[in-house]
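Okay, structure first, notes after.
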Amino acid sequence: RADAISNAMIAAESQGIREVPYLYHLAVLARPLWGFQDQTNLPGLRTVIRTPDPGTNLNPYLNFRGVYGLCLSSPATQALLDGWILAMADLVRDRHRVIEVWLSEEPAPCACPVCRGQNQYVLETRAVLRAYERAAQRHPGTVLRIGTSQGSYRAAEENRLVLAEMPPGVGL
């Protein structure tokens, strides 16, 4: 599978196109995981899905089956991000070395005891940066770009908090 993707990248490059692998809006990545929450062979998966705030109503279209968003304090979530970002770095290691992650599109903070009260986009940015640091150790020269979203820049304060987390060398 990785070879096929690499071949697709090579074919795109021959046409002057640089394919950049990316993780689509982080909260949306939780959608397909809901169906596996009750699997006994995947006990850590329950901790990946955010704990909803009982006092908040989300857009029913976005709040797919009651599951929307990730718990960014969960070690299982960090392990998923680590694996996804490392896989992307593996794909581009012999190419342009650019990977991208998009922050969540809609605000849906986790209300678990660790995440509660913290800025969702700051938690997302920190988790992505940790995963990127691990991938960059294995593949030096990998370049990360973080995509903000309509959620993260809805208010100037949200965006300022995300920008404050960005280290030199990470694109926005």
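The values are calculated or read from the model by the stated rules, or taken from the named source; none is laboratory data. Computed from a prediction, not measured in an experiment: that's the story for all the values here. Cβ coordinates were reconstructed from backbone atoms using ideal geometry, including for glycine residues, and neighbour counts include every protein chain displayed. Note: areas computed on protein heavy atoms with side chains; ligands, DNA, RNA excluded. Shrake-Rupley method; radii C 1.70, N 1.55, O 1.52, S 1.80 Å.
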Among the helices (runs of 4 or more DSSP H) confined wholly to region 72-172, which include 3 or more residues that are hydrophobic (A, V, I, L, M, F, W, C) and more than 20 Å from Val48 (Cβ to Cβ)? 75-92, 156-165
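Kindly indicate whether Pro75 is at pLDDT 75 or above and touching a strand residue (DSSP E or B) at 6+ places or on another chain (Cβ under 7 Å).
Spelling it out, it is not the case that Pro75 is at pLDDT 75 or above and touching a strand residue (DSSP E or B) at 6+ places or on another chain (Cβ under 7 Å).
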Of all residues being in contact (Cβ under 8 Å) with a residue 60 or more places away in the chain and among the aliphatic types (A, V, I, L, M) in region 11-25, which is least open to solvent (accessible area, probe 1.4 Å)? Just the residue, please. Leu23
So Thr56 clears everything in (1) surrounded by fewer than 19 Cβ atoms within 10 Å (Cβ to Cβ); (2) at pLDDT 80 or above; (3) more than 27 Å from Ala136 (Cβ to Cβ) except one condition, right? Which one? (2)
Condition check: within 11 Å of the chain's Cα centre (by Cα) and closer than 18 Å to Gly169 by Cα. Does Ala131 satisfy that? yes
Only unsatisfied item for Glu133, checking (1) in contact (Cβ under 8 Å) with a residue 12 or more places away in the chain; (2) open to solvent by 50 Å² or more (accessible area, probe 1.4 Å); (3) among the charged types (D, E, K, R), is (1)
Please name all residue pairs, on different chains or six or more residues apart, with Cβ atoms under 9 Å, provided the first residue is in region 85-105 and is within 13 Å of Gly141 (Cα to Cα) and the second residue is surrounded by 21 or more Cβ atoms within 10 Å (Cβ to Cβ) and of a type in the set (Phe, Trp, Tyr). Ala89/Tyr132; Ile99/Tyr132
